[in-house]
1. List, please: which pairs have Cβ atoms under 6 Å, are six or more places apart or on different chains, and start with a residue in region 445-470 that is more than 18 Å from Ser261 (Cβ to Cβ) and end with one that is at pLDDT 95 or above and part of a loop (DSSP other than H, G, I, E, B)?
2. When region 410-435 is examined, which residues are found to be in a helix (DSSP H, G or I) and either at pLDDT below 90 or farther than 27 Å from Ser294 by Cβ (or both)?
3. Suppose we filter region 19-51 for residues that are closer than 22 Å to Asn159 by Cβ, at pLDDT 95 or above and assigned to a loop (DSSP other than H, G, I, E, B); how many remain?
4. Among the residues that make up region 436-457, is at least one of them at pLDDT 90 or above and polar (S, T, N, Q)?
5. Looking at Arg217, Arg236, which is the one that is in a loop (DSSP other than H, G, I, E, B), of a type in the set (Lys, Arg) and touching a residue at least 60 places away in the same chain (Cβ under 8 Å)?
6. Looking only at residues in region 193-207 that are assigned to a loop (DSSP other than H, G, I, E, B) and of a type outside the set (Asp, Glu), which one is surrounded by the most Cβ atoms within 10 Å (Cβ to Cβ)?
7. Mind checking which pairs have a first residue in region 120-141 that is free of Cβ contacts under 8 Å to residues at least 24 places away in the same chain and in a loop (DSSP other than H, G, I, E, B) and a second that is polar (S, T, N, Q) and surrounded by 11 or more Cβ atoms within 10 Å (Cβ to Cβ), Cβ under 7 Å, 6 or more apart or different chains?
8. Regarding Val39, is this residue under 30 Å from Ala289 (Cα atoms) and β-branched (Val, Ile, Thr)?
Amino acid sequence: MKIKAQIAMVMNLDKCIGCHTCSVTCKNVWTSREGVEYVWFNNVEAKPGPGYPIDWENQEKYKGGWKVVRKDKVDLVQGSRFKILTDLFANPYMPSIKNYYEPFTFNFSILKSNARYKTVPSARPYSLITGELMEKIEYGPNWEDDLGGPFKNRKSDPNLKDIEQKDMESFERSFMFYLPRICEHCLHPACLHACPSGAIYKREKDGIVLIDQDKCRGWRECVSACPFKKTYFNWRRQRSEKCIFCFPLIENGLPTTCSHSCVGRIRYLGVMLFDEEKIQSSVAVSNPADLYESQLDIFLDPNDPAIYEEALKQGISYEYLEAAKISPVYKMIKEWKIAFPLHPEFRTFPMVWYIPPMSPILQEMNKIESSDMYVVNVADMRIPIKYIANMLTAGREDLIIEALEKLIALRKRKRQQMVDGVDNPEAPKELGLTQEQYEEMYRYLAIANYEDRYVVPTAAYKCDKDLFELRSEGGYEYPEGTNNDWNVFGGL
């Protein structure tokens, strides 16, 4: 057993209000530069819909992720390393700028001028890449926001597979929820294995996947290999870039920018322990429907004294182990089993998980027979269970139903306590959770404080170099003719 630690995230889709605050703050901090105008490390999509980039979930089109080639063996969907090398200069699965959108802004100066016009002046869009005026804006990072446009434009969503779509455009059958997305920082990242330059690596201490900008040569094979399309190409720098999980903040025990700015408080951060030796065999299970439970099996219980002692021996820091014991992410993923990975069938073992959204009743309720009727049943929900299952469990509807039943049981329990005056309602035994766990779930999902949602330990450094010297000279080029002892604050 080889124990590793990973900073993981859970997003509660039932609480996302689609305000895009996370997207805007991330954009302002990380991608407000030339060359990445079209890049959104964090974006929020309205589902169902084609998403950003267009049809990113369609691996028949992009060939991202992994496939099983034989027993206990997987290979990249786009082919072996030799196949990747042969496609370096002509990759047919590479998304173009049209698959994302041509970044644009508006000519606002015309609105500020004193000149007279025969018609009402308007700020026309122009491209941030070519600088030329654009006749029409064709797409954007949230183009289908709030079900904008006709249903035929959203039918390409692969999650609608095997779902009756007749009359789905009508108000009575329409449904929608928001899906925030960042890099998944996978346990088995396809981008890392596809990089011909070896520039992508996964950090030992926290599992964050990064791109070494000195090694990257801009081959963009990582863009093709990532099934979530969360690696981007900076056309100005000729380098690939991606979400860095705000590791400068993580190292100081602070949440990511998107988490800190989240209005709906949907995000949770915590430490997960896992057995690295099980990854290769776990991703190679033949049935995609078993991948969720296969990934669940590699997670280790930090409250187990044997696991705790072995992790200490293998170099996991005390701070990380203590944080893992109270991790909200571990509770939602492993203990309560109400969170699921995005598209486990891609076989990357993502580490950003999602609590499925609840939804109103599909048909109008004519009669309320009891207080329980104020809470909708799973079978009556507007969002098809099959749609959520196609997105989060590779089609396993039973797992989604069980998770939603737990969330409904929690709502019924709190209603009985606060409205009906029942002091200690019974917990449904068939769902496998105790009364104490329901109370704990309520605290985390409804009234969690900052410290409850973000359990991020500070990084433990072992460095022989003076940290002031390291930080003061970091990020600056040495002037010609000076030695490496020069630093910005120490002078020449």
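1. Hits for this filter: Val455/Ile326; Val455/Ser327.
2. Let us first name the residues in region 410-435 that are in a helix (DSSP H, G or I), namely 410-418, 429-431, 435.
Answer for region 410-435, where residues must be in a helix (DSSP H, G or I) and either at pLDDT below 90 or farther than 27 Å from Ser294 by Cβ (or both): Leu410, Arg411, Lys412, Arg413, Lys414, Arg415, Gln416, Gln417, Met418, Lys429, Glu430, Gln435.
3. So the count comes out to 3.
4. Yes.
5. Being in a loop (DSSP other than H, G, I, E, B), of a type in the set (Lys, Arg) and touching a residue at least 60 places away in the same chain (Cβ under 8 Å) holds for just one of Arg217, Arg236, which is Arg236.
6. The residue in question is Cys195.
7. Ala123/Asn107; Arg124/Asn107
8. No.
The values are calculated or read from the model by the stated rules, or taken from the named source; none is laboratory data. For clarity, every value in this text was computed on a predicted model and none was experimentally measured. Cβ coordinates were reconstructed from backbone atoms using ideal geometry, including for glycine residues, and neighbour counts include every protein chain displayed.
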